[in-house]
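Scroll down for the structure; my scribbles are underneath it.
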Amino acid sequence: MIIDEEIRSEFGGVLIPPGTELNRRLIEQIKNMDLKEVKVKTEKEIKETINKKKIAREKYQQNLEEFSETYKKAYYMKKIDFKTVKSLSEEAMEISNYLDLEDTLKMTREIDNYTYSHSLHVGILANKFGKWLHLNENRIGNLTTAALLHDIGKSKIKKEILNKPEPLTEEEYEEAKKHAQYGYQLLKKSNRFSKSIMAGILTHHERYDGSGYPLGLKGKKIPLFGRIIAICDTFDAVTTDRPYQKSVSPFAAVKMLEEDFNSFDHKLKSIFIEKIPYSLIGDQVELSNGEVAIIVFINSRHPESPIVRVDDNYIDLNDESELSIKRLVKDVEEAEKAVKLKE
């Protein structure tokens, strides 16, 4: 059996993350906590979850292909097929239901597919965000659709600009910035999408201090969907390899968000910063010194610097200024490879 719900300490930190397999030592530890109940999954439920995750990964690949077709239609035919987008949105919500955050963050992604995989990932992240905020089902569906299509306006931007490996010129940058308006116009032309979806697409580059574009909106004047997508968009962008920029770890991305006091809705950002690190407890990471470690505890005051275990040694990364998490390790083979490279 495995733990189906996180177990927190009296101070709020996650002691045992969901997905942890029960053993005698762990059972004794839980008994000493004097908990009223602990939710667990049976072997049958575990097999069902594994099967659903397998299906979700297959749907993920299918969605990438279908999404590329949606972009091509927007490019050549200057329109968006509502039925196709609705289907993609429903499948993205299904993927989000069956894949945990760490599954999504560990997906192998190719630079050539960045535009499509980025849009799909932002859709999945926004869907989870909507659930964290306890939005109703209809609003979560609209939020997911807006996030999936947030960059659809890039279908009207020259590929030489989108895929340029060097920094854009001022003129190119001004053209690239128009993708939010282009996307809004494409959806408006369709006349099938809700105002909240169109507003989310138009405002996902607005910033809380008014420094964003295209409208220069400030604070709560930015629609909720725009404020949510801004966080998901930024996080996914910096944690993915792009033609002109290497990715950073989710923990480094959390630190970047945490230190940015001007760009994002503070309340929404704090929810996001809490959820991301906790979802990675128990996962393997490669440290900046090449060692492979397991995340064992998240310090709520410093979520970007967890406590990790290397063999039998526990390291508080908040106390190690020269040591950080380089990246997530995606599987056992990767962990073995990282160790061999260090040796």
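What the table shows:
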quantity	calculated
Test: residue in region 180-190 that is surrounded by fewer than 20 Cβ atoms within 10 Å (Cβ to Cβ), in contact (Cβ under 8 Å) with a residue 12 or more places away in the chain, of a type in the set (A, V, I, L, M, F, W, C) and in a helix (DSSP H, G or I)	no
Any hit, region 192-200, residues being surrounded by fewer than 21 Cβ atoms within 10 Å (Cβ to Cβ) and in a loop (DSSP other than H, G, I, E, B)	yes
Boolean, Glu166 is surrounded by fewer than 16 Cβ atoms within 10 Å (Cβ to Cβ), touching a residue at least 24 places away in the same chain (Cβ under 8 Å) and more than 22 Å from Thr145 (Cα to Cα)	yes
Wholly within region 210-325, helices (runs of 4 or more DSSP H) carrying at least 1 residues that are in the same structural domain as Ala180 (by TED's automatic domain parsing) and aliphatic (A, V, I, L, M)	224-238
Any hit, region 47-58, residues being surrounded by 14 or more Cβ atoms within 10 Å (Cβ to Cβ), in the same structural domain as Lys164 (by TED's automatic domain parsing), among the aliphatic types (A, V, I, L, M) and part of a loop (DSSP other than H, G, I, E, B)	no
Residue within region 308-321 that is closer than 30 Å to Pro165 by Cα and either in contact (Cβ under 8 Å) with a residue 24 or more places away in the chain or surrounded by fewer than 16 Cβ atoms within 10 Å (Cβ to Cβ) (or both) present	no
Qualifying positions in region 104-118 - in contact (Cβ under 8 Å) with a residue 24 or more places away in the chain, surrounded by 17 or more Cβ atoms within 10 Å (Cβ to Cβ) and part of a helix (DSSP H, G or I)	Leu105, Tyr114, Thr115, Tyr116, Ser117, His118
Of all residues making up region 189-232, the number that are out of contact with any Phe, Trp or Tyr (no Cβ under 6 Å at 6 or more places or on another chain) and within 19 Å of Glu174 (Cβ to Cβ)	12
Every residue from region 326-343 that is part of a loop (DSSP other than H, G, I, E, B) and at pLDDT 90 or above	Val329
Subset tally (residues that are more than 18 Å from the chain's Cα centre (by Cα) and buried (at least 23 other Cβ atoms within 10 Å of the Cβ)) for region 119-152	1
Qualifying positions in region 219-237 - under 22 Å from Ser324 (Cα atoms) and surrounded by fewer than 19 Cβ atoms within 10 Å (Cβ to Cβ)	Ala237
One residue from Leu149, Leu88, Leu135 being touching a residue at least 12 places away in the same chain (Cβ under 8 Å) and more than 16 Å from His205 (Cβ to Cβ)	Leu88
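The values are calculated or read from the model by the stated rules, or taken from the named source; none is laboratory data. Since we're looking at a predicted model, the values are computed, not measured. Ideal geometry is used to build each Cβ from the backbone, glycine not excepted, and the neighbour counts take in all protein chains shown.
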